[in-house]
Every structure is written in C-alpha cells, then in structure tokens.
Amino acid sequence: MQEIEFDPLSFLRRLEAGESFLVVRGEHPLAEVRPVQAPSTQLRPFGLCANRFTVPADFDRPLPEEILQEFEGQ
C-alpha cells in the first residue's frame, strides 16, 4: 500500500476509523498496523478481589538459598 508514502494523513485517518493494515514484502507478511485500543476510563472497583485470596503473614520473608542461587545462575 503506497498510500502510507504518498498520503500519510489519509492513512492515519483510516487507522483512526478502526481499519487495520497488513504490510507485506512480496508474498510474505511482515507486520500488521492496527489502531491501539483506548484505555478504559472507568476506575476499577475497590476490593475487586476481596476475600478471594489471603496474603500469608510471611510473604516478604527472604527466599530460600537454593532459589536465590537459581536466580543468580549458580
């Protein structure tokens, strides 16, 4: 689609309208250009997961030495 090169404003308007485009080279697809979903403006309700799980009292205790070694690649 050469429209991107010759009329980028028209291309952007089509994106804003919700149109997606597949970029190809020869017969091989390279990328998809699509509109970004607008973030939700609604606030998440407070206590959304209340009473669904419990954080243990020792959740912030140091990890065992063998797990620390795994993270450090030893």
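Here, each number is a calculation from the coordinates, and none is a lab measurement. Just so it is clear, the structure is predicted and the values come from calculations on it, not from any experiment. Please note: Cβ atoms are built from the backbone with ideal geometry, for glycine as well, and neighbour counts cover all protein chains shown.
Points worth noting:
- Protection proxy ranking for 37-48, 59-70, 13-24, using the average of other Cβ atoms within 10 Å per residue and placing the highest first: 13-24, 59-70, 37-48.
- Calculated P(r) tail over 20 Å for the chain, as whole % of Cα pairs: 66
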